[in-house]
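The values are calculated or read from the model by the stated rules, or taken from the named source; none is laboratory data. All values derive from a computational prediction rather than experimental measurement. Here the Cβ is made from the backbone with ideal geometry for all residues, glycine too, and neighbour counts use every protein chain on show.
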Amino acid sequence: MELISKKNLTFSNFLSFVRIIFVVPAVYFIAINRNDWLIALTIVGMFTDWADGFFARKLNQVSDMGKILDPVADKILIGGLVIALYYYQGFPLWLTLFIVLRDLFIVIGATLIYDKSKLIISSNWPGKISVSFIALAIFSFIAGWHPFFGYTIYLAIAAIVVSALLYTKVFYNYISQKNKSDSSAK
């Protein structure tokens, strides 16, 4: 896949890059305890996450790079946020690890599949929903809505577990198919 090509230079991919860049000011705002600015940045980040997919479909700019960049941007931004929130503001360590390890699992599995077959594993709906619930949990934490944060944690965990199970099924099915095709080729 050629990363720098006209097909990949789209408005949607630009929005995903912006979301990755948001990590720097977000961590800064967390470190100096400016959650008011962090809330504004989080809202803009959530909007760019929605907008990149909308414009990719609306402008017929869906690209392989976008299929990779969008979920990677989510993982980088969310991972950076929860790690910084844990370090500076007391976000629960167990939830930080749960979120980061789930994302690492997905990235490693998708990378292995791409490396072996050049197949891009797209985000599934439970994965997108889990990102939304994680974002809601982060948002409620930084807004200081502690009772609501407790509820959003359970929603995020349930969505994370469901999406992880479905990604595991995708990875397992790919490995099973690969093993069958490898053995029939012999």
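Across the range 149-172, a minimum of one residue is classified as within 16 Å of K75 (Cβ to Cβ), touching a helix residue (DSSP H, G or I) at 6+ places or on another chain (Cβ under 9 Å), at pLDDT 85 or above and surrounded by 14 or more Cβ atoms within 10 Å (Cβ to Cβ). State yes or no: is Y88 free of Cβ contacts under 8 Å to residues at least 40 places away in the same chain and part of a helix (DSSP H, G or I)? Answer is no for this residue. For the range 124-148, a tally of residues being within 12 Å of the chain's Cα centre (by Cα) and either under 26 Å from Q89 (Cβ atoms) or surrounded by 19 or more Cβ atoms within 10 Å (Cβ to Cβ) (or both) returns 8.
For the list (1) part of a helix (DSSP H, G or I); (2) modelled with pLDDT of 85 or more; (3) surrounded by 20 or more Cβ atoms within 10 Å (Cβ to Cβ), I need the number of the one condition that L97 fails. Among (1) part of a helix (DSSP H, G or I); (2) modelled with pLDDT of 85 or more; (3) surrounded by 20 or more Cβ atoms within 10 Å (Cβ to Cβ), L97 violates only (3).
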